[in-house]
Each structure stands twice: as structure tokens, then as C-alpha cells.
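Reviewing the structure listed below.
The values are calculated or read from the model by the stated rules, or taken from the named source; none is laboratory data. Being a predicted model, the structure only gives us computed values, none of them experimental. Every residue, glycine as well, gets a Cβ built from its backbone with ideal geometry; the counts of neighbours run over all protein chains shown.
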Amino acid sequence: MFKRMGIHTAIGLSALVLLLSACSEENVEPQTDVSSDLDSTVQQASAEKSPEVIEAHHGVNQNPTPLDIEREGSDVYINMTAQITDIEIDDDYNYKAWTFNGEAPGPLVVVNEGDTIHFTLENMDPSIPHSMDFHAVHTAPDKGFADVAPNDEGTFVYQASSPGVFMYHCGTDPVLSHIANGMHGVIIVQPDDGYPTDGEVDKEYVIIQNEWYKYNDLENMTNGEPSQVVLSTKALHDEQPNTNGTVGALLDEPLEAKVGDKVRFYINNVGPNEVSSFHVIGTMFDDVYIDGNPANHQEGMQTVGLPASGGAVVEFTVKEPGTYKFVTHQFNHVQKGGVGKLIVTE
């Protein structure tokens, strides 16, 4: 470029450069630390990606609490906690979950048809009221499902008058935030006369489906898609797996059966938003009891549709050894974690 300009042009440009340099020295400004600005930008972006934790929940990680349940005749006394507990719902993704007893889903509750439940909720959350909504009972919600203030407890009494597989959840407004942040679980009310197929069942397990969204983001929970859709299990009998609703929970801890076994699943989709299309690959359901009620008996089903909060008892027979995966047959949700497996051996 300079060779083409010629000597006069070059001299003129040199003079202009000297003039501009002099002007800039007269109006000199402090130099900006570009690396510092870059660090600040990175930190800000990182902070924007981090979940916004309620101030009172910072540093709170309350240890899981065993379910306290005792029976005196047909009176069942159940004590549970509402608490804040960190749960790793995916690899290196810790979620500061709002929970019952430090589990999400919460601990399995099993009672009998006709039992009177005396339920006490201890709210260990330092900042937010919580409550309990049992789908298995009749009660005036403003009384039986009333809020319990932080660092307080409340006791409620109601009867479990219908058999089935029911959801329970926190019913405090906004209900969506409380359920989606982890306050959900299952209560089984065993029928007085059992199920017609009780004598045929060899193995039985509890399966729960739930979704996760951006942490405590009501907008995302309302209008967004779940980031994880997961299957978990709660131990119905000793030495069974008992997992949280985490990605891969029932791949890492598969269920077990023998060839020829009739297997029963008590299943519930606690949502809060998505439908479950529950299916076991490689078999079909011999018997299905919708919502777990013996009166709602169906046979020979391939897939059972479960609305949010919907439950069922499904039974199937495994005829060959191998790995039987069970899924929600909405396969975009399988990609997000909605899968488990049953290992069948000779």
C-alpha cells in the first residue's frame, strides 16, 4: 500500500499521525483491564446459569429422615418432615430439592383400606410453609391439607376409605413449584379383600415417574419442557432398591425376577405435568387395575396411560431370561431418563 502512495502522500500521513498522537496524549484516559472485564463477564454468565436459591436455603442440606410410621389396630400414626436436601439428579447436577424426609420422590407410605391416618408434618424448611395433600383420603382441603409454617408442625386426621395407588404432594401455593421441586410421593392403600391375582404374584415392586425442570423456575415449570423425566423405585419389601428420581437410577440398580415369575408393579406418575405411557418391552400386561382399585380390572394391555397423579397396578409374566426394559413409551422422555430394567434369570 505505502509503495503505491508515493513520497508526498507518505509524508502527509506521517504528519497526521503525529498530530493525532499529540491530541491523544492531551486527552489520555485510564486504560481498561480487558482481562478483568473478561473474567467478570465469564463469572456473570456462570452465575446466570446457576440456579437461583432462596436466600434462606443457602447452605441448607438436611440429612434424609427415616419414615416414622406405627400402627395401633386400624389407627396409623405417620410422622414426616418437609425439608431441604441436595439430590444429584444427573451426573454432576445437584438439585437443592424441596422434599419429604429428604427423598424425592418421598418415602413410600402403605396403609390398609379403612385405616384412620393420624398424620404429623414437621416443617424443617427455614423459610417456606409446606403441607400434605394425600389423594387417598376425603377431607376439606383448607383444614386437612392446611399449611404448616416454617419450624412448626401440624397434625391432621383422615380415613383411607378407598383402595389404590395414590399420589401425595405438597399442596401449598404455588403447588406447581412445590411438586416440581421434589415434594411428591406415593401412598398405597391395600384393598380389604386383596386383588384377585394375589396368589399368582411372585415379585412386586413400586415404580414412580417424575419430571425435573429448571430449579425453582415457575416460568419454566409452567411453559417449558422438562430437562429430565425419570423412573425410580421405593422399597416395598426388605432388601429391595430404594432410589430417588434420578437419571439412570433403575439402570444402575435393576429389579430382579426369575423365569416364569408373575411380576406386579405398583406404578404412579407424579408428574407434575407430563403423561406417562407405561410399557414393559418384551411382554404384555396380563392384569391391570387402574388406579390400583380391584374394581377397575383390565386384561391383555400393552401400554397403560397414566395422567399426572395417575396410578395403576400392572402384572406381567416373564417367560425367558434376559433384560426387560420398562419405559414411558413417549420416547423423547426415554432420552431424558424415563427407563429402567428388570433382569430375569433362570
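General remarks:
- Segment 278-299, residues that are crowded, with 18+ Cβ neighbours inside 10 Å and more than 17 Å from Pro191 (Cα to Cα): Phe278, His279, Val280, Thr283, Phe285
- Odd one out for Gly114, checked against (1) in a loop (DSSP other than H, G, I, E, B); (2) touching a Phe, Trp or Tyr at 6+ places or on another chain (Cβ under 6 Å); (3) not hydroxyl-bearing (Ser, Thr, Tyr): (2)
- When the residues of segment 130-184 are filtered to those that are without any contact (Cβ under 8 Å) to a residue 24 or more places away in the chain and charged (D, E, K, R), the one that is farthest from Gly114 (Cα to Cα) is Asp173.
Conditions tested, residue by residue: (1) of a type in the set (Lys, Arg); (2) farther than 21 Å from Lys234 by Cα.
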{"site": "Arg71", "(1), (2)": "yes, no"}
{"site": "Asp75", "(1), (2)": "no, yes"}
{"site": "Thr81", "(1), (2)": "no, no"}
{"site": "His118", "(1), (2)": "no, yes"}
{"site": "Pro126", "(1), (2)": "no, yes"}
{"site": "Thr139", "(1), (2)": "no, yes"}
{"site": "Lys143", "(1), (2)": "yes, yes"}
{"site": "Val148", "(1), (2)": "no, yes"}
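Here is a yes/no grid of residues against (1) among the aliphatic types (A, V, I, L, M); (2) touching a Cys at 6+ places or on another chain (Cβ under 6 Å); (3) closer than 26 Å to Lys341 by Cβ:
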| position | (1), (2), (3) |
| --- | --- |
| Leu176 | yes, no, no |
| Tyr195 | no, no, yes |
| Lys203 | no, no, yes |
| Leu218 | yes, no, no |
| Thr243 | no, no, yes |
| Val259 | yes, no, yes |
| Val275 | yes, no, yes |
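- The listed residue being modelled with pLDDT of 95 or more and within 29 Å of Val339 (Cβ to Cβ), out of Gly171, Gly164: Gly164
- Selection count, segment 256-297, where residues are part of a strand (DSSP E or B) and over 20 Å from the mean Cα position of the chain (by Cα): 14
- When segment 219-240 is filtered for residues that are surrounded by 15 or more Cβ atoms within 10 Å (Cβ to Cβ), outside any loop (DSSP other than H, G, I, E, B) and of a type outside the set (Ser, Thr, Tyr), the ones remaining, listed by number, are Asn220, Met221, Gln228, Val229, Val230, Leu231, Lys234.
- Test set (1) within 26 Å of Tyr168 (Cα to Cα); (2) in a loop (DSSP other than H, G, I, E, B); (3) of a type in the set (D, E, K, R) - Glu320 fails condition number: (1)
- Considering segment 172-192, the residues that are touching an Asp or Glu at 6+ places or on another chain (Cβ under 6 Å) and assigned to a loop (DSSP other than H, G, I, E, B) include one that is surrounded by the most Cβ atoms within 10 Å (Cβ to Cβ), namely Thr172.
- Positions within segment 120-144 being over 21 Å from the mean Cα position of the chain (by Cα) and buried (at least 21 other Cβ atoms within 10 Å of the Cβ), in sequence order: Val137
- Scanning segment 247-263 for residues that are out of contact with any Gly (no Cβ under 8 Å at 6 or more places or on another chain) and surrounded by fewer than 24 Cβ atoms within 10 Å (Cβ to Cβ) returns Asp252, Glu253, Glu256, Ala257, Lys258, Val259, Gly260, Asp261, Lys262.
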